[in-house]
Amino acid sequence: MRAALMWTINDFHAYAMLSGWSTKGKFACPCCNYGTNSHYLKHSRKMCYMDHRVFLPIDHPWRSNKRSFNGINEFRPPPPFLKGTDMLNSLHDFENVFGKKSKRSIDGPWKKRSIFFELPYW
Ligand SMILES: [Zn+2]
């Protein structure tokens, strides 16, 4: 008998646990990946993720609506799509460190190399 994992349905926290991509901090958005526009709000001490108008069509009225957003017109293209081969290359030499880690020891968006990457069809 052979089995294959075809898809999972989960919330955002489970997404982080299954994929290994950190959904907290500077690169929290898996759609924007390395191009995540994150801003640290000093007074509330929270990360803020704005600039998702880049995914709208270029002629969408919200792109030139400065008043309702951050006071800036948004005409940048969306960040490049992270390809599976790029992910595999970035995780090729990744070493999983189990146990409690300091926040400073994680410098990128990946927290771990998921066991799913061991699957031949992943
Ligand atoms: Zn995003």
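The values are calculated or read from the model by the stated rules, or taken from the named source; none is laboratory data. Fair warning: this is a prediction, and the values are worked out from it, not measured in the lab. Don't worry about glycine lacking a Cβ; one is built from the backbone with ideal geometry, like all the others, and counts go over all protein chains shown. Side chains are part of the model used for accessible areas, which takes the heavy atoms of the whole protein and leaves out ligands, DNA and RNA. Shrake-Rupley method; radii C 1.70, N 1.55, O 1.52, S 1.80 Å.
Please specify each residue of the stretch 23-54 satisfying the condition of being out of contact with any helix residue (DSSP H, G or I) (no Cβ under 8 Å at 6 or more places or on another chain), within 23 Å of H13 (Cβ to Cβ) and open to solvent by 50 Å² or more (accessible area, probe 1.4 Å).
K26, Y34, H39, Y40, L41, S44, R45, K46, M47, Y49, M50, H52
Every residue in the stretch 61-100 that is within 16 Å of the ligand (Cβ to nearest atom) and either over 18 Å from C32 (Cα atoms) or part of a loop (DSSP other than H, G, I, E, B) (or both), please.
Across the stretch 61-100, the qualifying residues are W62, F69, N70, E74, R76, P77, P78, P79, P80, F81, L82.
Give the stretch 1-50 a look and list any residue that's more than 12 Å from the ligand (Cβ to nearest atom), touching a residue at least 24 places away in the same chain (Cβ under 8 Å) and in a helix (DSSP H, G or I), or say none.
Hits for the stretch 1-50 are A16, L18, S19.
Looking at (1) open to solvent by less than 70 Å² (accessible area, probe 1.4 Å); (2) without any contact (Cβ under 8 Å) to a residue 60 or more places away in the chain, which is the only condition L91 fails?
(2)
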